[in-house]
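The values are calculated or read from the model by the stated rules, or taken from the named source; none is laboratory data. Just so we're clear, the structure is a prediction, and the values are computed from it rather than from any experiment. Virtual Cβ from ideal backbone geometry, glycine too; neighbours counted across all protein chains shown.
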Amino acid sequence: MENDTMSMPARPGGPTRRSVLRGFGALAGAAALAPALPLPARAVPASTTAELVERWAVLQTGGPGLDLGDAHVAAAVRRVDRAATTVLATLDRSAGRAALWPDLADWTRSNTVTTTFKRLRSIAVAWATPGTSVAGDAAVAGAVADGVSWMHDHVYGPGIPRFDNDWDWEIGSASALADTLVVLREHLGGALARSTAAIDHYTPDPNLWRADRQIATGANRVWIATVVAVRACLDGDEAALLRVRDALSDVDGGGANSVLAFVDGGTAEGEGTGEGFFRDGSFLQHWKHPYNGGYGKELLGTLSSLLHLLGDSPWQVTDPALANVYAWVTDAFDPLMVRGDMVASVCGREIARPSKQGHAPTQTVIEGTLRLIPSAPAAQAATLTSLVAQWVAEDTYRDFLAVTTPASVVAATALLAAGPTPRGALVAHRQFPAMDKAVHHRPRFAVSVSAYSSRVYNYESIQNENLHGWHLSDGMVLLYTDDLGHYSEDYWPTVDPYRLPGTTVDTARLENSADFRATNDATWVGGAALPGATLAAYGQDLRARGSDLRALKSWFLLDDAVVCVGSGIAAPAAGGVETVVENRKVREGAAFVVDGVDQGVADGWSADLDDVRWCHLAGTAGYVFPGGARLRALREDRTHTWREINVKYGTDTPVTRPYVTAWIDHGAAPAAASYAYVMLPAADAEGTRRFAGACGTAAGLRILAQDDDVHAVQLGGTLAANFWAAASVPLGAAEPGEGGALRADGPASVVVHASRATTRWTRPTTVAVSDPTQTRAEVVVDLFRPGLRFVDAAPGVTVTRRGAGWRIAARTTDLRGATVTASFV
């Protein structure tokens, strides 16, 4: 992970929380501990910096007691050995060398420095890990020490100018060097002080970073603090360890940029950058980029290591906000993980890195969670244990035990050997108002929706990465099925970036990185969700960057059906506008059936299909068009390179993948175009046909409204509506004698669900309401349905009689887009 070169807000003054934060009691020590697990964790409290150094060494190697008779441990050690011997074979040890490795000789790129130190660390860790072919080899240790010395002479040290990216100097190179020093410390003698002095030169303060000493925030603050902590342990610098402890709470800044406190917790004095974790599970970095799967997972992974290092010592973290870390795991990571895959819309520019495909980010989350468990309070430890057991078991695509470090193998195998009960497959709908994202989990699939607004950036493309991310937040809908490798195996370089599924786009060709890091003028992005169910409405007022395209887009996620509705699609200057129904990387031979006819698709096939009522793509989903649609579709083999989307980390090797794409062509300069279709991920072709046949009937899907004021649909006892303005929609009768109407006084998202558990006159009915604009003080909804009796409502919701119906008034000023409910029978 690397940072960009944005300037950050000025450092806030008047930190009056400083003395309060410094005086907090030892939370971890007071908490009830979970049953002890033989994790790579401290066995006894530590009182000296030397003991902390040993803790850190165990994290790198797994410790001296590795059971090499365990197959997973032995395999992990072989991975360490293989990585080290591969780079050791090409290490240049000659006196007149210009670099330590021939392929790392470009001293204008700072990641050359980081990669060089990472290779030295790889060799050093293998030297210190029992069971490798180079374990304890004095010549190998000498080669690493000599390489470190060469770097100090020529590249990395006081008096040598830095270049390119500050991240490499203060975090990437510094952390790799610090790890090397920890495992090699007894071999270095007096050279150790030279190396720690070099680290301290570049990374002296856990609160500040960059050459111009800006405030470090989010993951960058944790990285910086960890570098300072490990260096301080090596030097016996106890004062620096206290500064590290306080930096996590941002004592010097009055808590404004605490990494432990929720950004929207309302406790910090002064105004921070807004980066970090939110109570709804969102995580933002670089001000407004959704980044749980990038910087967020790195923050968790690094912080868990730092907490392990400092725990049960005189320098342990004592801020009560430390308890929030457990909520990060359950609310900010678990809902965004799908059987080992991390939802791509929250991975930022990392989706354009070959090494970060699909399942790779979740490895860091699991490793970090494993490190949290030993010192967690009992209830949280039990929850995290069941999550880890679930995550490891359900990812049958990338075996965690086959890719992680020896230390984490020891932790995970010990946890699993204790026989914990896995949490079970996640069935839930989660919305993240602070980052304009939603995820819908069902037993057989998951769907994510990616949007952006005036509050959230569209996509990140810095450091010559993620060059074609233009439409990642233009309503992108990603479907996660049993094909667990779909978004791995070279999806992002080969998918057509102008036809990401779910998006409505201007088809004009764009320059690399065009309009990145941008918001728009829209506030209406978000939705309402029924608590404890998978019934929700989500919507986006799409105002495209670099185009005059405007569209109102809704997704009604009703258990196993995702109803997609669009209206008001206008782009006066556009040469063409499309709404992409699907763009799927398929397995060879996947059948594409349209209205019961197998199209026999093969590479090069394309068709304009008139009055389509339904179609089905084998291995993916069924698609229903309630009013019929003129559908365009093609099957193509797409060949591209990773370098096309990532100059920095991409490769030039061409990769080819097959795709089936289907879209609705709105034509040039549309004025009031629309669309409506249903995605049925759990349906086979016959089930799709039956769903299509029932549309418009009392037993099927009904589209009640589709205009510039409101989108509304009804399926069974559930009505979902997105009000773009004040409007009213009829409630279709799910049972004879029912019906009525739903009205909102302005922008709102509403879900009305009537349970079928009892007779129609006493059916429990729940109304879920939100303000997706996050700007309104109050949202007023009138529900007219005969026979309802009010039961209760959430705090801030007032329910009063209005004629034969009910008025639901929700105070929304401080809800930040969250849903509130009222219940009736």
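How many residues are surrounded by fewer than 24 Cβ atoms within 10 Å (Cβ to Cβ) and over 15 Å from R349 (Cα atoms) if we restrict to segment 270-301?
The total comes to 9.
Quick check on this structure: which one of T413, T362, T404, T369 is surrounded by fewer than 21 Cβ atoms within 10 Å (Cβ to Cβ) and either among the hydroxyl-bearing types (S, T, Y) or in a helix (DSSP H, G or I) (or both)?
So the residue among T413, T362, T404, T369 that is surrounded by fewer than 21 Cβ atoms within 10 Å (Cβ to Cβ) and either among the hydroxyl-bearing types (S, T, Y) or in a helix (DSSP H, G or I) (or both) is T413.
Within segment 283-291, identify whether any single residue is modelled with pLDDT under 95, in contact with a Phe, Trp or Tyr (Cβ under 9 Å, 6 or more places away or on another chain) and under 20 Å from A225 (Cβ atoms), and answer yes or no.
Checking segment 283-291: not a single residue is modelled with pLDDT under 95, in contact with a Phe, Trp or Tyr (Cβ under 9 Å, 6 or more places away or on another chain) and under 20 Å from A225 (Cβ atoms).
Which of the numbered conditions does V562 fail, given that it passes all the others? Conditions: (1) surrounded by fewer than 21 Cβ atoms within 10 Å (Cβ to Cβ); (2) at pLDDT 95 or above.
Going through the list (1) surrounded by fewer than 21 Cβ atoms within 10 Å (Cβ to Cβ); (2) at pLDDT 95 or above, V562 breaks only (1).
Can you pull out the residues in segment 547-574 that are closer than 20 Å to W663 by Cβ, among the small types (G, A, S) and touching an Asp or Glu at 6+ places or on another chain (Cβ under 9 Å)?
Selection gives S547, A551, S567, G568, A570, A571, A574.
Residues to consider are G147, G142, G159; find the one that is at pLDDT below 95 and assigned by TED's automatic domain parsing to the domain that holds Q60.
The conditions single out G159.
At least 1 residues that are of a type in the set (D, E, K, R) and at pLDDT 95 or above in each: list the strands (runs of 3 or more DSSP E) lying fully within segment 611-700 that qualify.
621-640, 655-667
Return the total of residues in segment 152-168 being surrounded by 24 or more Cβ atoms within 10 Å (Cβ to Cβ) and either free of Cβ contacts under 8 Å to residues at least 60 places away in the same chain or among the hydroxyl-bearing types (S, T, Y) (or both).
Total meeting the criteria: 1.
Where in segment 455-572 are there strands (runs of 3 or more DSSP E), lying wholly inside it, with at least 2 residues that are within 21 Å of V338 (Cα to Cα), in contact (Cβ under 8 Å) with a residue 24 or more places away in the chain and in contact with a Gly (Cβ under 9 Å, 6 or more places away or on another chain)?
Ranges flagged: 476-480, 535-543, 550-558.
Has segment 312-333 got at least one residue that is among the small types (G, A, S) and either on the phi > 0 side of the Ramachandran plot or modelled with pLDDT under 95 (or both)?
No, that holds for no residue.
Could you run through segment 650-677 and say how many residues are touching a helix residue (DSSP H, G or I) at 6+ places or on another chain (Cβ under 7 Å) and buried (at least 17 other Cβ atoms within 10 Å of the Cβ)?
The number of residues fulfilling the criteria is 2.
Can you find even one residue in segment 595-607 that is in contact with a His (Cβ under 8 Å, 6 or more places away or on another chain), of a type in the set (A, V, I, L, M, F, W, C) and at pLDDT 95 or above?
There is no residue in segment 595-607 that is in contact with a His (Cβ under 8 Å, 6 or more places away or on another chain), of a type in the set (A, V, I, L, M, F, W, C) and at pLDDT 95 or above.
What tally of residues in segment 183-195 results from selecting those that are farther than 22 Å from V80 by Cα and buried (at least 21 other Cβ atoms within 10 Å of the Cβ)?
1
Return the residue satisfying two criteria in turn: it lies in segment 785-804 and is modelled with pLDDT of 95 or more and buried (at least 16 other Cβ atoms within 10 Å of the Cβ), and of such residues it is farthest from R455 (Cα to Cα).
Looking at the filtered set, the residue picked out is V799.
For residues that are among the acidic types (D, E) and surrounded by 12 or more Cβ atoms within 10 Å (Cβ to Cβ), scanning just segment 580-618, find the one that is nearest to Y491 (Cα to Cα).
By that ranking, first place goes to E582.
Here is a yes/no grid of residues against (1) within 30 Å of P443 (Cα to Cα); (2) among the small types (G, A, S); (3) out of contact with any helix residue (DSSP H, G or I) (no Cβ under 8 Å at 6 or more places or on another chain):
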position: K553; (1), (2), (3): yes, no, yes
position: D559; (1), (2), (3): yes, no, yes
position: V565; (1), (2), (3): yes, no, yes
position: P572; (1), (2), (3): no, no, yes
position: E578; (1), (2), (3): no, no, yes
position: K585; (1), (2), (3): yes, no, no
position: D603; (1), (2), (3): no, no, yes
position: S606; (1), (2), (3): no, yes, yes
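Residues to consider are T217, T180; find the one that is touching a residue at least 60 places away in the same chain (Cβ under 8 Å), crowded, with 20+ Cβ neighbours inside 10 Å, farther than 24 Å from S122 by Cβ and among the polar types (S, T, N, Q).
Only one candidate qualifies: T217.
What is the residue count in segment 381-399 for residues that are touching a residue at least 60 places away in the same chain (Cβ under 8 Å), out of contact with any Pro (no Cβ under 6 Å at 6 or more places or on another chain), buried (at least 20 other Cβ atoms within 10 Å of the Cβ) and not acidic (D, E)?
Within segment 381-399, residues that are touching a residue at least 60 places away in the same chain (Cβ under 8 Å), out of contact with any Pro (no Cβ under 6 Å at 6 or more places or on another chain), buried (at least 20 other Cβ atoms within 10 Å of the Cβ) and not acidic (D, E) number 1.
When you go through (1) in contact with a Lys or Arg (Cβ under 7 Å, 6 or more places away or on another chain); (2) outside any helix (DSSP H, G or I); (3) surrounded by fewer than 23 Cβ atoms within 10 Å (Cβ to Cβ) one by one for A143, which number turns out not to apply?
Every listed condition holds for A143 apart from (2).
Go through (1) of a type outside the set (S, T, Y); (2) part of a helix (DSSP H, G or I); (3) touching a residue at least 60 places away in the same chain (Cβ under 8 Å) one by one and return the number of the condition G131 breaks.
Just one mismatch for G131, condition (2).
For segment 75-96, state whether one or more residues are at pLDDT 95 or above, within 29 Å of the chain's Cα centre (by Cα), in a loop (DSSP other than H, G, I, E, B) and under 24 Å from W167 (Cβ atoms).
Among the residues of segment 75-96, not one is at pLDDT 95 or above, within 29 Å of the chain's Cα centre (by Cα), in a loop (DSSP other than H, G, I, E, B) and under 24 Å from W167 (Cβ atoms), which makes the answer no.
Please pick out the residue among S282, S304, S345 that is of a type in the set (S, T, Y) and under 26 Å from R55 (Cβ atoms).
Of S282, S304, S345, the one residue that is of a type in the set (S, T, Y) and under 26 Å from R55 (Cβ atoms) is S304.
Kindly list, by first and then second residue, each pair from a residue in segment 69-88 that is within 14 Å of A407 (Cβ to Cβ) to a residue that is among the charged types (D, E, K, R), limited to pairs with Cβ atoms under 9 Å and residues at least 6 apart or on different chains.
Partner pairs satisfying both residue conditions: V73/D67.
Scan segment 788-825 residue by residue and report those that are among the hydrophobic types (A, V, I, L, M, F, W, C), in a loop (DSSP other than H, G, I, E, B) and either touching a Leu at 6+ places or on another chain (Cβ under 7 Å) or over 17 Å from P433 (Cα atoms) (or both).
Once the filter is applied, which keeps residues that are among the hydrophobic types (A, V, I, L, M, F, W, C), in a loop (DSSP other than H, G, I, E, B) and either touching a Leu at 6+ places or on another chain (Cβ under 7 Å) or over 17 Å from P433 (Cα atoms) (or both), segment 788-825 yields L788, A794, A804, V825.
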